[in-house]
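A.B. asks: I'd like to ask you about the structure that follows.
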Amino acid sequence: MKRTLFCLGALVMSLATLSSCSFLEVEELGKSDTDTFFSELLGLRTARIGLYNITYDFYDQYLCKYAEVAGDNLQSVVVGTGSEMYNEFNFASTSDSETSSAGYIWKRGYAIITNANTILSYTGDLKTAYPNDVDEIRRIEAEAYFLRALAHFDLVRCYAQPYGYTEDASHLGVPIADHLLGTDELIARSSVKKVYEQIVKDLNTAHDILGDAAPSDANYISGMACNALLARVYLYMQNYALAEEYADKVIPLLTLTPQGAYAAMFTGEEIGEEAIFRLTGYYAGHSLKTFYNYESAIFVPTSDFENLFRPDDVRRTLLYAPDQSLACMKYYDLSSLVPDEQFYHITVLRGSEMYLIRAEARCKQNNLEDAAADLQKIQARALGLSESSIEISYNTADDLMELIKEERRKEFFAEGHRFFDLARWGDDIVRPDDTNSAMKRLEYPDYRYALPITRVEMDANSAMVQNEGY
C-alpha cells in the first residue's frame, strides 16, 4: 500500500520550496528533524512565512489563471497543445493531466493544508515552552486555520460540482485533511456539504482567536478577513441570510478605494483602502505577470469583455497595455523599470466583494432596493460619479441579478472568480464565436465543471473515487 502522506513536510514548507513529486509518493521526512526544527519559536516563525509563500505560489501559478481561462473573459494568444493552460481553456483535462493545472492545483492545495496541519501540531508544545509568546503563537495558529480553510475551499471549487448541484450538497467533494495523516492512512472524498462544514469550522476557530478587528496589515490574516471569507463561503452555500450577515460585519470597518487610486492597487505599491487580505508579491515568481505580460502574453481579454465597460470606467484602463493593445494589467508593476524591483500582489479579499456579496444576497432574499444600493456604490466608484447620479434600472429580481453578475465580472477580472461564479450560478459558459478555444459553449450541468482527479492520485489511494465523466 502506498502511503497517503501529503506532499511537503514541515522543513520543506519552512524553506518555502516545492517538490514536483506526487503528494502521495514523497519520502517521509525524519520526525526527529521536524521535532528539532519546531522546538524553537524561530522554527514556527519561519514556517509561518513558508505557509504564506506557498499560498502565494498556489494563487500565482494556478488558481487565478484557471478561474479565468475556464471562463469567458480571455482569448488565447499562444495556440497549441503544449501551451500553458491549453487543457483548461479547452476543457480537455483528463486523469493523465498530472503536469498541468488539473494535477498541480490538487498537489499544491494539499501542500498548503499539510503545512498548516504541521504548524498546528506543534503550537501546543510551543505555548508551554514559550509562555511569554502565547499571543504570537495563537495568531500563527489562527493563520494556519484560515489558510487550511482557504485551501479546502479552493480545492472543492475546482474538483467538485458546485454546492447547489444536489439539493443537500451530498455529491462528492474533496478529502478533508484536518490533521497530519499517518503513513498508511487512506483518505476518501467527503461530501461537498461536509467539506464546507469543515471550512466554516476552521474559519470560526481562526476568528475566535483574532476577533473582529480590521487588519493592521492586509498582507496578513485578520479577524475581518475571517468574516469576509465566511461571507463568500456562505454565498457559495446559497445561505444568503448568513452571507449578508457576514458582509454586514465587514462593511462598516472598511472604505472603498477612491476611483483615483483604483489602478494603483494593482500597478503600484499602494495597498488600497479596501484591502482585506492579499498575498504579497515581493521576491515571488511572478507567474501571473509572465502569463499576462503585454509584450508576450499567453492570454488577453476578449473584445467582447472590453465592450462591457463604459469609456469612463476606471476598470477599463487596466485592460490596455502602454501600447494600447488589449492586456490584463492587474499583475504588471508600472512603478519601476528595473525587473528585479517590480512586484505585484494578489488580492484574495477586498471591500468591493463585500458590497457585491451583500447585493447578491439581498437580491436573492427579494430585498431589491437595498441590493440596488450596494450595486450603485460600486458603479459610482468605477465611474467617478456620485451615488445619487447612478440609476440602477430593473423590473424584476432576475433583472437585478443579471446586473450584479455583470458587475462582478467587471470588478474581479483576473482575480480568481469568474469560472467559479459561473459554476455556482449554474450558468452556461458562452464564448465569442471568434474565440480560438475548441469549446465555444459549455452548458450547465456538465461533468467538466469539475476537474478530474489525476491518475497518480487514483493509483496511490484506493479510497479515492474519480469524478463522473473522466
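The values are calculated or read from the model by the stated rules, or taken from the named source; none is laboratory data. Everything quoted here is computed from the prediction, not taken from an experiment. Here Cβ is always computed from backbone atoms with ideal geometry, including for glycine, and neighbour counts include all displayed protein chains.
A.B. asks: What's the total number of residues in segment 315-334 that are outside any loop (DSSP other than H, G, I, E, B) and among the charged types (D, E, K, R)?
C.D. replies: 2
A.B. asks: Follow-up question, since we're still on this one. Checking residue 199 against (1) more than 17 Å from residue 243 (Cβ to Cβ); (2) of a type in the set (Val, Ile, Thr); (3) buried (at least 23 other Cβ atoms within 10 Å of the Cβ), which single condition isn't satisfied?
C.D. replies: The failed condition is (1).
A.B. asks: Another question about this same structure. Output the qualifying pairs, or none if there are none: Cβ atoms under 7 angstrom, residues six or more apart or on different chains, first residue in segment 342-360 and more than 17 Å from residue 414 (Cβ to Cβ), second residue of a type in the set (Lys, Arg) and part of a helix (DSSP H, G or I).
C.D. replies: Between residues of segment 342-360 that are more than 17 Å from residue 414 (Cβ to Cβ) and residues that are of a type in the set (Lys, Arg) and part of a helix (DSSP H, G or I), the close pairs are 355/377; 357/232.
A.B. asks: Give me a count of the residues in segment 55-85 that are in a helix (DSSP H, G or I), touching a helix residue (DSSP H, G or I) at 6+ places or on another chain (Cβ under 9 Å) and not hydrophobic (A, V, I, L, M, F, W, C).
C.D. replies: The number of residues fulfilling the criteria is 9.
A.B. asks: Then there's this: How many residues are more than 21 Å from the chain's Cα centre (by Cα) and either of a type in the set (S, T, N, Q) or at pLDDT below 95 (or both) when one looks only at segment 41-64?
C.D. replies: Counting residues in segment 41-64 that are more than 21 Å from the chain's Cα centre (by Cα) and either of a type in the set (S, T, N, Q) or at pLDDT below 95 (or both) gives 1.
A.B. asks: Which residue out of 62, 86 is without any contact (Cβ under 8 Å) to a residue 24 or more places away in the chain, among the aromatic types (Phe, Trp, Tyr) and either more than 30 Å from residue 208 (Cβ to Cβ) or surrounded by 22 or more Cβ atoms within 10 Å (Cβ to Cβ) (or both)?
C.D. replies: 86
A.B. asks: Also, quick follow-up: Which condition number does residue 413 fail, the rest of (1) within 13 Å of residue 72 (Cα to Cα); (2) surrounded by fewer than 21 Cβ atoms within 10 Å (Cβ to Cβ); (3) at pLDDT 95 or above being met?
C.D. replies: (2)
A.B. asks: Which condition number does residue 116 fail, the rest of (1) more than 14 Å from the chain's Cα centre (by Cα); (2) under 21 Å from residue 327 (Cβ atoms); (3) touching a residue at least 60 places away in the same chain (Cβ under 8 Å) being met?
C.D. replies: Of everything listed in (1) more than 14 Å from the chain's Cα centre (by Cα); (2) under 21 Å from residue 327 (Cβ atoms); (3) touching a residue at least 60 places away in the same chain (Cβ under 8 Å), residue 116 misses just condition (2).
A.B. asks: On to the next question. Show the residue pairs that are 6+ apart or on different chains and have beta-carbon atoms under 6 Å apart, the first residue being within segment 162-186 and at positive phi, the second being among the basic types (Lys, Arg).
C.D. replies: 169/193
A.B. asks: So, of the residues in segment 168-196 that are of a type in the set (A, V, I, L, M, F, W, C) and farther than 18 Å from residue 145 by Cα, which turns out to be surrounded by the most Cβ atoms within 10 Å (Cβ to Cβ)?
C.D. replies: 192
A.B. asks: May I pose another question? Residues of segment 226-269 being under 17 Å from residue 343 (Cα atoms) and either touching a Cys at 6+ places or on another chain (Cβ under 7 Å) or surrounded by fewer than 16 Cβ atoms within 10 Å (Cβ to Cβ) (or both), which ones?
C.D. replies: 264, 269
A.B. asks: Also, I was wondering about something else. Check 177, 149, 142 and return the single one that is under 30 Å from residue 422 (Cα atoms), assigned to a helix (DSSP H, G or I) and small (Gly, Ala, Ser).
C.D. replies: Just a single option satisfies the conditions, and that option is 149.
Here is a yes/no grid of residues against (1) at pLDDT below 95; (2) at positive phi; (3) surrounded by 17 or more Cβ atoms within 10 Å (Cβ to Cβ); (4) of a type in the set (A, V, I, L, M, F, W, C):
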position: 396; (1), (2), (3), (4): no, no, no, no
position: 400; (1), (2), (3), (4): no, no, yes, yes
position: 421; (1), (2), (3), (4): no, no, yes, no
position: 429; (1), (2), (3), (4): no, no, yes, yes
position: 460; (1), (2), (3), (4): yes, no, yes, yes
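A.B. asks: Still on this model: Which ones in segment 121-146 are hydrophobic (A, V, I, L, M, F, W, C) and surrounded by fewer than 18 Cβ atoms within 10 Å (Cβ to Cβ)?
C.D. replies: 129, 134
A.B. asks: On the basis of being small (Gly, Ala, Ser), touching a helix residue (DSSP H, G or I) at 6+ places or on another chain (Cβ under 7 Å) and outside any helix (DSSP H, G or I), does residue 414 make the cut?
C.D. replies: yes
A.B. asks: In segment 65-83, what count of residues is obtained for those that are free of Cβ contacts under 8 Å to residues at least 60 places away in the same chain and either under 16 Å from the mean Cα position of the chain (by Cα) or at positive phi (or both)?
C.D. replies: Adding up the residues that qualify gives 1.
A.B. asks: Further, regarding this structure: Restricting attention to segment 179-221, report how many residues are out of contact with any Gly (no Cβ under 9 Å at 6 or more places or on another chain) and among the hydroxyl-bearing types (Ser, Thr, Tyr).
C.D. replies: 4
A.B. asks: How many residues does segment 429-457 contain that are under 21 Å from residue 98 (Cβ atoms) and either of a type in the set (Asp, Glu) or not in a loop (DSSP other than H, G, I, E, B) (or both)?
C.D. replies: 6
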